[in-house]
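What follows draws every value from the coordinates through simple rules; no lab data is involved. Keep in mind the model is a prediction, meaning the values are calculated, not measured. Positions of Cβ are backbone-derived with ideal geometry, glycine not excepted, and every protein chain shown enters the neighbour counts.
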Amino acid sequence: MDRSANGGPSDLELVERCQADDTAAFQVLVERYQQRATRLAYRYVRNQEDARDITQEAFIRAFRSIKDFRNESQFYTWLYRILVNLSLDHLRRNKMETSEYQDDLMLRSQTVAEAQHKRTNPREELWKKQRQVAIVGAIESLPDDQKTTVILREIDGLSYEEIAQVTRVPIGTVMSRLFYARRKLQDKLKEYVD
């Protein structure tokens with residue numbers, strides 16, 4: 001996002017203002033990316049409160065080091081790198097119990113299924129719920145580097161170049177990680193492919 005929806009200043013203009021000690025400009029960046037950043041963190045940690053904490057910490061770190069930002073990448077790519085690193089650190093520190101995670105996922109899936117029950121066939125809804133659980137489980141089972149790459153590409157829609165900047169690896173490595181991750185996902189989800 002180079003400019004806000006209402007034609008406001010670009011990220012680069014805001015970063016330059018931040019580097020000149022304009023804290024209001026940083027607040028605009030926070031408002032612009034806070035929801036997106038929280039969604040990304042949540043995809044890793046699967047806990048809304050932890051995701052908000054990680055997002056807040058990412059913005060604090062970005063604010064503290066904004067003067068070091070050299071415009072070698074876009075602001076959100078730089079912020080994503082911070083978020084991904086914090087999320088992975090959180091996961092390493094607080095290994096989530098698989099059964100606890102699966103229980104939480106099933107509860108959320110049931111709530112969605114109940115809300116949609118009146119509009120769809122129950123068998124079809126059950127199949128969709130099982131497929132959703134399988135997809136999330138398959139992504140969760142990937143090694144961290146492949147999981148990160150898949151989330152950034154398939155869910156957040158980042159380009160290969162942006163993923164390379166976030167993960168600090170060459171584009172060829174991004175492509176390789178995606179290739180192997182997609183292959184693993186395809187194998188794990190073959191019964192759900194239409």
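Which value in nm describes the separation of the simple spin-label points at S10 and E49, placed 7 Å from the Cα toward the beta carbon? Going by the 7 Å Cα→Cβ label model, 4.2 nm.
Multiplying the residue separation of F63 and R39 by 0.36 nm and removing their Cα-Cα distance gives an extension gain of 6.7 nm. Summarised in one figure, the compactness ratio Rg/Rh of segment 11-93, Cα atoms and Kirkwood Rh, is 0.98. For segment 11-93, averaging the sequence separation of C-alpha pairs within contact (under 8 Å, six or more residues apart) and dividing by the residue count gives a relative contact order of 35 percent.
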